[in-house]
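See below for the structure under consideration.
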Amino acid sequence: MKKYLFGVILVVFFCGCWFGFERYFAPTVSVVMSTYNRSDLLPKAINSVLAQTYDDFEFIIINDGSTDNTAEVLKKYAKQDSRIKIITNSPNQGLITSLNKGLDVARGKYIARLDDDDMAFPNRFEKQVAFLEANPDIAVVGSWVSPIGSTHPYSFQQETDPERIKIMLYLGRVAVSHPSLMLRRDFLNQHNIRYRMGYEAAEDRPFYGEIISAGGQIASIPEPLTHYRNHGSNNPEYYQKQSVNTRRFHVAFINRFFPFNISEPFRKCDLLPKMIVANKTKKLVDQEVLEDIKFDLCGSLQSERVQFVHSFWEDTMIIDNTKIRREQGDVGVITERTPEKIRLKWDDYGEETFIKRQDGIYYLEGMDK
């Protein structure tokens, strides 16, 4: 009996040591990438990970039943760098299954995503790890993305504030680029969050939805840290599936606010007023941010519309109390208003004064008549 108990104690001791050892030596970051028949673009994606300034990572690549020479490419890289771990599907099982396999085997404190046709900037992991370490309340951080070979960000997915990112998802807009994500693994495991089957070509929407529903905050670093390849090589069937599954998700998600029929048009300026009313009791999002977004995107029926002329543009300004925005998008607040002039402070740059002339149009102060 004593020998038996001693043996049990030894087993428990060594198991505890092993798990402690494994956790102690686990990498900080697990990079998860799925690939399928992209052996021409895959090396650039892999090289961008191996060239990171932050090198404490494991690199999990799922070869999803490729029929080209992807296996040979991966074998060569795995021989060169022991951080690369290959998982092979046979036959092809699809992106959702492959990504979930990567999440299941990841050991890092953080999980970074990258697609097999995109490229990470060299300092991406360094900046995202630093951000998550400094912001323990954030579950997921993305970044702006730019075209291959450029550091100028795409015009889409440039939100950074977690509350605006959340609200935009309700409005049918994904405000953070999926291949740019870095996530807390413990948060995903604690809430049993994985990519949801049945949402092929739109797997990021319900993934974000589950994170938000679990109380997770999603932020984005306001600079491009990932090159996104917008090559449009997918067939029409892919885009049709994406459209159907995207709408399925957003209809279900907006039902958190109020009943929404799948046949109804998904118009943000119809949805926002209803969301504002419903949120007063449901409190799903920040009310002030919700109202600001409504003004930014739609103005209001009471909004005053005034013509402005700047040195670089002419535009209609929409004014609602002290809030002001251009129809083309720039937002600010009025700091002073008299019958002769309007002084405003832009959100993204400094103050400017516009003088009203006889034609009723406001011209930038100092402009030649």
Relative contact order computed over segment 116-223 (Cα-Cα under 8 Å; 6+ residues apart), in percent: 37 percent
By how many degrees, 0 to 90 and rounded to 10, does the Cα axis of helix 70-80 deviate from the longest principal axis of the chain? 70 degrees
Accessible-area order for Asp359, Asp368, largest to smallest, probe 1.4 angstrom, reads Asp368, Asp359
Roughly how much of Asp347 is accessible, in Å² to the nearest 10, using a 1.4 Å probe? 100 Å²
Under 14 Å Cα-Cα from Lys341, which aspartates and glutamates qualify once same-chain neighbours fewer than 8 residues away are excluded? Glu351, Glu352, Asp359, Glu365
Value at 222 nm in deg cm²/dmol, rounded to 500, when DSSP H runs of n ≥ 4 in the chain each add -39,500 (n - 2.57): -11500 deg cm²/dmol
Tell me the angle of helix 95-105 to the major Cα principal axis of the chain, expressed in degrees between 0 and 90 and rounded to the nearest ten. 60 degrees
Within the under-11-Å Cβ sphere about Ser311, not counting Ser311, Lys/Arg +1 and Asp/Glu -1 give a net charge of -4
Give me the dipole magnitude in Debye, nearest 20, for the chain about the Cα centre, with unit charges on the beta carbon: positive for Lys and Arg, negative for Asp and Glu. 1380 debye
Carbon and sulfur: what percent of segment 99-258's accessible surface (1.4 Å probe)? 49 percent
Mean separation of Cα pairs under 8 Å and 6+ residues apart, divided by the residue count of segment 181-285: what relative contact order is that in percent? 23 percent
Percent relative contact order for segment 162-243, counting Cα pairs under 8 Å at least six residues apart, stands at 36 percent
Distance from segment 152-227 to segment 32-54 (C-alpha centre basis), Å: 21 Å
Alpha carbon centroid spacing (whole Å) that separates segment 100-129 from segment 343-363: 45 Å
Structure-derived mean projected area of the Cα convex hull in nm² - corresponding label in (i) 22.4; (ii) 18.1; (iii) 25.9: (iii)
Return one number: the angle in degrees, 0 to 90 and rounded to the nearest 10, between the long axis of the Cα atoms of helix 2-24 and the longest principal axis of the Cα atoms of the chain. 40 degrees
Name the lysines eligible as straight-distance cross-link partners of Lys345: C-alpha to C-alpha under 21 Å, and not fewer than 8 places from it in the same chain. Lys294, Lys323, Lys356
Could you tell me what percent of the DSSP beta bridges with both partners in the chain are antiparallel, to the nearest 5? 55 percent
Residue-level accessible surface for His178, protein heavy atoms, 1.4 Å, Å²: 10 Å²
Residue-count net charge about Lys79 - beta-carbon cut-off 14 Å; Lys, Arg +1, Asp, Glu -1: +2
Please find, in a Gaussian network model of the chain (springs between Cα atoms separated by less than 10 Å), the residue of Ala120, Ala71, Ala134 whose mean-square fluctuation is greatest. Ala134
Dipole axis of segment 263-369 (+1 Lys, Arg; -1 Asp, Glu on Cβ), positive-most option in Val309, Gly366, Pro265: Pro265
Tell me, what is the Rg over Rh of segment 97-173, with Rh the Kirkwood radius over Cα pairs? 0.97
Candidates Met168, Met197, Met275, ranked by Gaussian network fluctuation over the chain, Cα under 10 Å, top entry: Met197
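The values are calculated or read from the model by the stated rules, or taken from the named source; none is laboratory data. Not measured: the values here are computed from a predicted model. Positions of Cβ are backbone-derived with ideal geometry, glycine not excepted, and every protein chain shown enters the neighbour counts. Quick note on the areas: whole protein, heavy atoms, side chains included, nothing else; ligands and nucleic acids left out. Shrake-Rupley method; radii C 1.70, N 1.55, O 1.52, S 1.80 Å.
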